Amino acid sequence: MQDPLPVYPVSHAGGVRIFLEDGTALIDGMSSWWSAIHGYRHPVLDAAVKAQLDKMAHVMFGGLTHEPAVELGKLLVQLTPPGLDQVFFSDSGSVSVEVAIKLALQYWIAAGQSGKNRLLTVRKGYHGDTFAAMAVCDPVTGMHHLFNEVLTRQLFVSEPQTAFGSPCAAGELDGMRATLASHHQQIAAIILEPIVQGAGRMYFYSADYLRQVRALCDEFNVLLIADEIATGFGRSGKLFACEHAGISPDILCVGKALTGGYLTLAATLCTGQVSRMISRNGGVLMHGPTFMANPLACAVAVASIKLLVNSPWQQRIAAIEAQLHSELLPCLDSAKVAAVRVLGAIGVVEMKEPVAMAPAQRFFVEHGVWIRPFGKLVYLMPPYLVSPDDLRKLTSAIHQFVQ
Ligand SMILES: *Cc1c(COP(=O)(O)O)cnc(C)c1O
């Protein structure tokens with residue numbers, strides 16, 4: 001890079017702290033991109049990896065299976081919204097989105113309707129950096145101009161407008177209904193991030209919107225893919241964000257916090273209806289990553305999920321939410337701040353102008369916190385076991401930064 005941003009060498013991490021090589025301790029406000037929900041070097045997770053390492057680090061998942069994958073599959077089926085009872089493991093969130101898209105396309109091929117091969121999505125979404133995933137990211141912020149010639153052209157409607165907590169304005173989904181009415185014979189699935197539009201926008205939208213999307217999918221015979229890679233495992237205050245709307249998608253993607261931030265692993269779940277259709281007449285899902293269901297990753301994912309569900313996570317996240325609310329709202333007093341939003345363990349301060357990254361990074365490191373803004377967004381998604389004192393240091397750094 002011609003003009004690189006500052007980069008800080010890390011020596012180690014523990015709890016909610018990241019330690020730099022020069023001895024600086026930073027309170028982590030990012031959970032390493034939504035993943036380290038239990039913080040760093042958690043003894044239970046460390047022990048799970050070490051125990052699995054004494055059995056095997058990896059073995060191919062074609063024709064062979066193993067206990068960590070089976071146990072993780074069962075846990076995911078049990079905890080995700082009802083009806084999702086088939087699991088496919090892959091290595092990263094983007095790949096789990098590729099798999100979700102492939103499932104949807106193969107579903108319609110097997111159903112004898114191969115003309116249903118396009119995707120419909122909302123603007124301002126983010127679904128990953130591989131090509132099929134990029135094609136459903138926001139067309140403006142999602143690199144579409146750069147890869148215009150090679151990206152599949154998908155269908156977009158405007159992003160959800162009504163904020164979380166309110167019912168949709170009348171007519172808000174008219175655009176989506178109209179696109180479905182005119183194109184449903186070419187549409188395999190709607191893909192979206194339930195409730196929280198993450199990397200594209202950091203916005204929390206109405207559960208009513210999501211319920212109406214589910215109803216439109218049923219009405220027009222289109223599958224629903226929910227990308228819960230960012231929201232899964234409690235971040236929004238529910239274990240999965242779909243629960244805010246009481247809906248089940250046909251296909252679900254999880255990643256990021258799946259292993260508590262230890263190893264790279266993602267999963268795509270689908271309903272029995274989807275898997276039965278694809279596998280009728282001997283069909284199989286045409287995907288097979290080399291490191292599918294890596295045992296170390298599955299073992300630590302099992303440990304992380306059990307740690308989460310056996311902890312008072314609802315109370316913890318409700319407490320984080322209340323504190324983020326009371327300590328970030330005063331940022332609105334600054335003339336530079338456009339909006340403050342909080343949902344679950346996510347706190348967002350949206351500035352009126354884009355934040356200059358290099359000075360922002362230095363400011364936060366000097367203030368002993370790890371916060372990495374993007375665009376106009378300065379935001380927090382700390383590990384769930386952050387103490388009130390540490391959370392106050394994070395919010396007060398933001399408060400000082402936005403003055
Ligand atoms: C991060 C993210 C992805 C991509 O996951 P990677 O592991 O970075 O490939 C996809 N969808 C959403 C909603 C995400 O937040």
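The values are calculated or read from the model by the stated rules, or taken from the named source; none is laboratory data. From a predicted model like this one, the values you see are computed outputs, not experimental measurements. All Cβ positions, even for glycine, are placed from backbone atoms using ideal geometry, and neighbour counts span all protein chains on display. Just so you know, the surface numbers come from the protein's heavy atoms only, side chains and all, with ligands and any DNA or RNA stripped out. Shrake-Rupley method; radii C 1.70, N 1.55, O 1.52, S 1.80 Å.
For (1) touching a Ser or Thr at 6+ places or on another chain (Cβ under 7 Å); (2) part of a strand (DSSP E or B); (3) over 22 Å from Phe291 (Cβ atoms), each residue gets a yes or a no:
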site	(1), (2), (3)
Ser11	no, yes, yes
Leu26	no, yes, yes
Ala51	no, no, no
Thr65	no, no, no
Ala69	no, no, no
Lys74	no, no, no
Gln86	yes, yes, no
Glu98	yes, no, no
Leu105	no, no, yes
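Just one of (1) free of Cβ contacts under 8 Å to residues at least 40 places away in the same chain; (2) outside any helix (DSSP H, G or I); (3) away from the ligand (no atom under 14 Å from the Cβ) fails for Gly237. It is (1). I'd like to verify a number: residues in the range 160-172 that are farther than 19 Å from Val342 by Cα and out of contact with any Pro (no Cβ under 9 Å at 6 or more places or on another chain), how many? Residues that pass the stated criteria total 3. Candidates are the residues of the range 16-55 that are aromatic (Phe, Trp, Tyr) and more than 16 Å from the ligand (Cβ to nearest atom); the one that is farthest from the chain's Cα centre (by Cα) is Phe19. Identify the single condition in (1) open to solvent by less than 70 Å² (accessible area, probe 1.4 Å); (2) in contact with a Lys or Arg (Cβ under 8 Å, 6 or more places away or on another chain); (3) more than 21 Å from Gly255 (Cβ to Cβ) that Ser158 does not satisfy, given that it satisfies every other one. Single failed check for Ser158: (1). Hey, could you check the range 197-220 for residues that are assigned to a loop (DSSP other than H, G, I, E, B) and among the small types (Gly, Ala, Ser) and say which is farthest from His127 (Cα to Cα)? Among them, the one singled out is Ser206. Among the residues examined, Ser94 does not qualify as within 16 Å of the ligand (Cβ to nearest atom), within 19 Å of the chain's Cα centre (by Cα) and either hydrophobic (A, V, I, L, M, F, W, C) or farther than 28 Å from Leu377 by Cα (or both). Considering only residues in the range 248-269 that are more than 12 Å from the ligand (Cβ to nearest atom) and open to solvent by less than 10 Å² (accessible area, probe 1.4 Å), the one that is farthest from Leu216 (Cα to Cα) turns out to be Gly260. Close Cβ contacts (under 9 Å, 6 or more residues apart or on different chains) running from residues in the range 135-150 that are farther than 13 Å from Leu120 by Cα to residues that are among the β-branched types (Val, Ile, Thr) comprise Gly142/Val136. Residue check: Thr121 meets all listed conditions (1) away from the ligand (no atom under 12 Å from the Cβ); (2) assigned to a strand (DSSP E or B); (3) out of contact with any helix residue (DSSP H, G or I) (no Cβ under 7 Å at 6 or more places or on another chain) but one, namely (1). Every condition in (1) touching a Lys or Arg at 6+ places or on another chain (Cβ under 9 Å); (2) outside the structural domain of Ile190 (by TED's automatic domain parsing); (3) surrounded by 16 or more Cβ atoms within 10 Å (Cβ to Cβ) is met by Val16 except one, and the failing one is (1). Only one entry in Leu84, Leu105 is assigned by TED's automatic domain parsing to the domain that holds Lys256 and surrounded by fewer than 23 Cβ atoms within 10 Å (Cβ to Cβ), namely Leu105.
Restricting Ala293, Ala266, Ala299 to those that are small (Gly, Ala, Ser), in the same structural domain as Lys238 (by TED's automatic domain parsing) and more than 21 Å from Ala47 (Cβ to Cβ) reduces the list to Ala266.
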